[in-house]
1. Which members of the range 108-118 meet the condition of being over 17 Å from residue 30 (Cβ atoms) and within 23 Å of the chain's Cα centre (by Cα)?
2. Which condition breaks for residue 62 when tested against (1) under 23 Å from residue 120 (Cβ atoms); (2) surrounded by fewer than 17 Cβ atoms within 10 Å (Cβ to Cβ)?
3. Of the residues 39, 18, which is of a type outside the set (Val, Ile, Thr), modelled with pLDDT of 90 or more and either within 20 Å of residue 320 (Cα to Cα) or surrounded by fewer than 18 Cβ atoms within 10 Å (Cβ to Cβ) (or both)?
4. Among what's in the range 267-320 and is in contact with an Asp or Glu (Cβ under 6 Å, 6 or more places away or on another chain) and within 21 Å of residue 233 (Cα to Cα), pick the residue that is surrounded by the fewest Cβ atoms within 10 Å (Cβ to Cβ).
5. If you take just the strands (runs of 3 or more DSSP E) that sit entirely in the range 1-79, which of them hold at least 1 residues that are closer than 24 Å to residue 98 by Cβ and out of contact with any Gly (no Cβ under 6 Å at 6 or more places or on another chain)?
6. Could you give every pair whose Cβ atoms fall below 8 Å, whose first residue belongs to the range 1-30 and is over 16 Å from residue 142 (Cβ atoms), and whose second residue is in a helix (DSSP H, G or I), counting only separations of at least 6 or pairs across chains?
7. Is it true that some residue in the range 71-93 is on the phi > 0 side of the Ramachandran plot and at pLDDT below 90?
8. Looking for whichever is within 18 Å of residue 45 (Cβ to Cβ), in a loop (DSSP other than H, G, I, E, B) and not small (Gly, Ala, Ser) here; the options are 141, 117. Which one fits?
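The values are calculated or read from the model by the stated rules, or taken from the named source; none is laboratory data. Quick caveat, the model's predicted, so the values are computed rather than measured. Positions of Cβ are generated from backbone atoms using ideal geometry, with glycine treated the same way; all protein chains shown enter the neighbour counts.
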Amino acid sequence: MLGKYNKNLTGAVITYKPDDIILYEKEAFDIQITIGNTPLTEGYFFTVKDPKKKTRSIKYLLEEYALNRNRRFELDIKNYPEFPFYMEELAQIYEKNILGDINLNIYANKSTEYTPLNINNPALNHMSKCIFNDHSYNYALLDLVFDIEDDFYIEKELDLCITETIEQAVLIALNTFQSFNYSHHKLLTEKRILIENLASKTEYIKIISKETNTCEIKLTNAGKEKARLMVLESKKIRKKYSRFESVGIYPPALGIPNGYDARLQIALMDDTLPYNTTLSILEHNILFKYELGDSLFMDIMNNKIFYEILRHSRNRTHFGNDVISELINL
């Protein structure tokens with residue numbers, strides 16, 4: 001019986017909890033980590049030289065070794081120069097889980113269990129061995145898979161996001177596509193009420209009635225001016241933080257090809273409306289990618305837009321204050 005993950009390494013055999021794991025008792029071991037269905041050849045590993053550490057918890061080994069940025073110089077950077085960046089990515093995933101921004105489950109590759117590990121358990125309980133077919137390598141490893149739950153959102157978080165950004169989203173959408181006729185859409189009653197409440201509580205949006213059916217919303221003149229100012233404000237925010245769109249951290253540097261996008265983290269440091277700022281910075285990614293007004297408005301009404309704002313907000317970087325300070329001072 002196989003568990004959730006059963007990844008193989010070409011040219012080698014990995015055995016989970018082998019009977020002869022005791023033979024590796026006095027040898028160093030690797031902590032190997034991959035994300036989801038990423039193949040092992042694109043994974044990351046950290047070699048723990050002290051064999052006695054096998055008896056420590058998985059949590060301890062992750063925090064003190066595999067994800068400990070202070071140990072990045074212990075990585076095999078000569079053969080794997082990308083490993084410090086992999087360490088940073090995995091460390092941020094781990095930390096976001098602690099903060100409650102994502103839901104991370106950790107599995108043992110090739111385990112027969114379909115349930116995630118209790119990382120407080122000793123690593124020794126979940127060790128594997130890896131033997132290359134040409135016998136060039138034969139070693140013990142803790143073979144872990146980081147499994148990030150999609151669409152992990154708390155209802156009150158979604159409600160806050162909608163409250164903060166719905167007026168901005170609707171005004172910019174109407175500014176782009178002029179109007180939205182929802183009479184032929186099967187909107188839930190609460191969504192119709194939401195549209196009508198939004199129109200009744202603001203001078204920026206008006207409902208146009210056709211006979212007995214209220215079916216279309218448009219911007220008023222005040223709404224057009226408000227939307228214009230929102231677009232200008234978003235451009236100003238994007239310009240202000242644009243230099244942090246692709247940064248390096250080893251060492252801190254700006255304008256690095258394929259670097260980390262640190263705009264949101266830096267923009268949100270002193271901001272009390274995080275989702276509003278997220279929408280401003282990523283306005284094009286979230287709203288302006290739509291070619292049809294109907295598609296955009298329906299995604300606003302079915303909350304897809306707000307889930308996307310949440311996803312972007314949660315996926316922001318979480319660099320330490322020292323790194324952020326150096327980036328800002330560059």
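1. Passing the criteria: 115, 116, 118.
2. (2)
3. 18
4. Going through the qualifying residues, I end up with 273.
5. Ranges flagged: 29-35, 44-48.
6. 8/40; 10/41; 26/51
7. Within the range 71-93 (the criterion being on the phi > 0 side of the Ramachandran plot and at pLDDT below 90), the answer is no, since none of the residues qualifies.
8. Checking each option against the conditions leaves just 117.
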